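What follows is calculated from the coordinates using simple rules that are stated; it is not laboratory data. Just so we're clear, the structure is a prediction, and the values are computed from it rather than from any experiment. Ideal geometry is used to build each Cβ from the backbone, glycine not excepted, and the neighbour counts take in all protein chains shown.
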Amino acid sequence: MTTRHPPTDELPRGWQTIQGRVTGAVTVVFLATMAVFLVASYRAERERHFEATLDHLSETLRALTVAAPSTAGIDAATLLRMESSLGEAVGVEHRLLWLDPAGSIALSTDPELTGRPLDEVFRVERTREGSDSELRLDSPRSGSWLAAIRELGPKDDSASLVLLRDRAASESFALGFVRLHLLHVLSTLLAFVVLLHVAGKRYLRDPLGKLARAISGLESGARGADLDFGRNDEIGWLARRFDAMVRRLHTETRDRVRAEKRASAAAVVFRLGTELVEPLGSLERHIAYIDALGQRDPEIRRVSEELRGDRRTVLAVLRRLEETVAGSTEAEDRGVRDESGSPEPTEAPTHS
């Protein structure tokens, strides 16, 4: 069975496979790592902003309790003005709730909340362990809030003031922070892809393309190009070995052609000499016969001498032809030995 060697244009484009796999694998790992990083960053930034908001709410609530130590003279309209002032100052929606000693909402700008227990309206979650003054309040109807609570008196049966701030502002701030990180991640990924493309083109795709073109040219009969890239890595080693192989192939081809020419010339000389043996022998016998006939005739002796000279000329031509073929063979053998020189180095590739 004969093994078919496909031409260069049928071979798989290995660099595209390598580039696609490497880029895909690194991109997947990078994006997975960055996704974990973004989720962790979002949660950390949101908690940090929650804590800063709760601290600000506690300070604001402390100032409000100093200004309004009791519910005397405060109604829903007053709470609404206070909420509006806080919203305009901070840019985020606020709510104020006045709780009675039992924990029910005694005063609110929303009439539906008045008279209901706080933990019935909202799902109350403490933000810090052991602290009852900073809360997270969630309600399907009223939304999600960050809240600070402060008692208006030193006794346990005193009323309390609750200041709420819309939690969506903190969520939005954390999302903006994540968007900034996401932009950084995408920029880094784009820079990596561009760098991989440029580096791959310069250090792998262009050398391999040049090697592929040299192989294609060698298949079509060209002598081949010099592929010395001046590199001491695997690609440079491969190029040097390819150049050495091409030179050796051309040397062997040239020597084979020369040997065939010498063999053909020697065969022609041998065949010519063999074919002339019988005619020359016959000519010698006829010359001897003519000499015997022309012992007393000078004209016949002259013809005999001319024939003998022609025979010697033919023999001299055959000898010169043999010497020429032998001399050409020796000269070419010396030239081949001089051109061969030292063998190509076979050092293993090293990483540059």
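What FRET efficiency comes out for residue 251 versus residue 326 if R0 is 25 angstrom and r is the Cβ-Cβ distance? Round to the nearest 0.05.
Calculated transfer efficiency: 0.65.
Are there trypsin sites (Lys or Arg not before Pro) in region 189-274 that DSSP marks as loop and that have at most 16 other Cβ atoms within 10 Å, and which are they?
223, 231
Between residue 295 and residue 89, what is 0.36 nm times their sequence separation minus the Cα-Cα distance? Round to one decimal in nm.
Contour length minus the Cα-Cα distance gives 59.0 nm.
For residue 204 and residue 258 in the same chain, what is the full-extension length gain: residue separation times 0.36 nm, less their Cα-Cα distance, in nm?
15.5 nm
What's the FRET efficiency of residue 138 with residue 226 using the Cβ-Cβ distance as r and R₀ = 51 Å, to the nearest 0.05?
Here the calculated transfer efficiency is 0.10.
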